[in-house]
Amino acid sequence: MKQLSELFENQIFLMDIGVTQSVTLDGEAVKVGRYAAFSPNKGQEGHQAIEVSDDLSYLCDKYHIAADSVCVLDIEGGM
């Protein structure tokens, strides 16, 4: 199986992580988002998350990526 870094070498890509994620900051839950934009790391292999949002249309427009090209995270056995 290919790695995402191979499929999207030198390209930004979007990923649907399936559910809206949240983190706890100072004891308070903060909504992070369901969709993440990843950009290639400069000067090294791999990608890093550069933006997370619940608004897929916004991310698609901003990064010029068609909604049907979004990667969908598939966790074996469900979430």
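Near Glu51, the amide H atoms lying under 5 Å from its own belong to Ala37; only residues 5 or more places off or on other chains count, and H is placed 1.01 Å from N.
Per residue, how much accessible area does the chain have with a 1.4 Å probe, in Å²?
On the way: 5880 Å² over 79 residues.
In whole numbers, the chain has 74 Å² accessible per residue.
Applying the Karplus relation 6.51 cos²θ - 1.76 cosθ + 1.60 with θ = phi - 60° to segment 57-68 yields 3J(HN,Hα) values of 4, 4, 5, 4, 5, 4, 9, 6, 10, 5, 4, 7 Hz, where x marks Gly and Pro. Of the residues Leu56, Val72, Asn10, the one whose Cα sits farthest towards the positive end of the charge dipole of the chain is Asn10 (charges of +1 on Lys and Arg Cβ, -1 on Asp and Glu Cβ, taken about the Cα centre). Rounded to the nearest 500, the helix-only mean residue ellipticity at 222 nm of the chain stands at -3500 deg cm²/dmol, with each DSSP H run of n ≥ 4 adding -39,500 (n - 2.57). Summarising the amide proton neighbourhood of Gln21: residues at separation of 5 or more, or on other chains, whose placed amide H is nearer than 5 Å comprise Val32, Gly33, Arg34.
Phi angles across segment 46-54 convert, under the Karplus curve 6.51 cos²θ - 1.76 cosθ + 1.60 with θ = phi - 60°, into 3J(HN,Hα) values of x, 10, 9, 5, 10, 6, 10, 7, 8 Hz, Gly and Pro given as x.
Taking the three principal axes of the alpha carbon atoms in the chain, the coordinate ranges are 37, 31, 27 Å, sorted in descending order.
Could you check how much of the accessible area of the chain is carbon and sulfur, as a whole percent, using a 1.4 Å probe?
48 percent
The values are calculated or read from the model by the stated rules, or taken from the named source; none is laboratory data. This is a predicted model, so every value here is computed, not measured. Because the Cβ atoms are built from the backbone with ideal geometry, glycine has one as well, and the counts that use them run over all protein chains shown. Heavy atoms of the whole protein, side chains included, go into the accessibility calculation; ligands, DNA and RNA do not. Shrake-Rupley method; radii C 1.70, N 1.55, O 1.52, S 1.80 Å.
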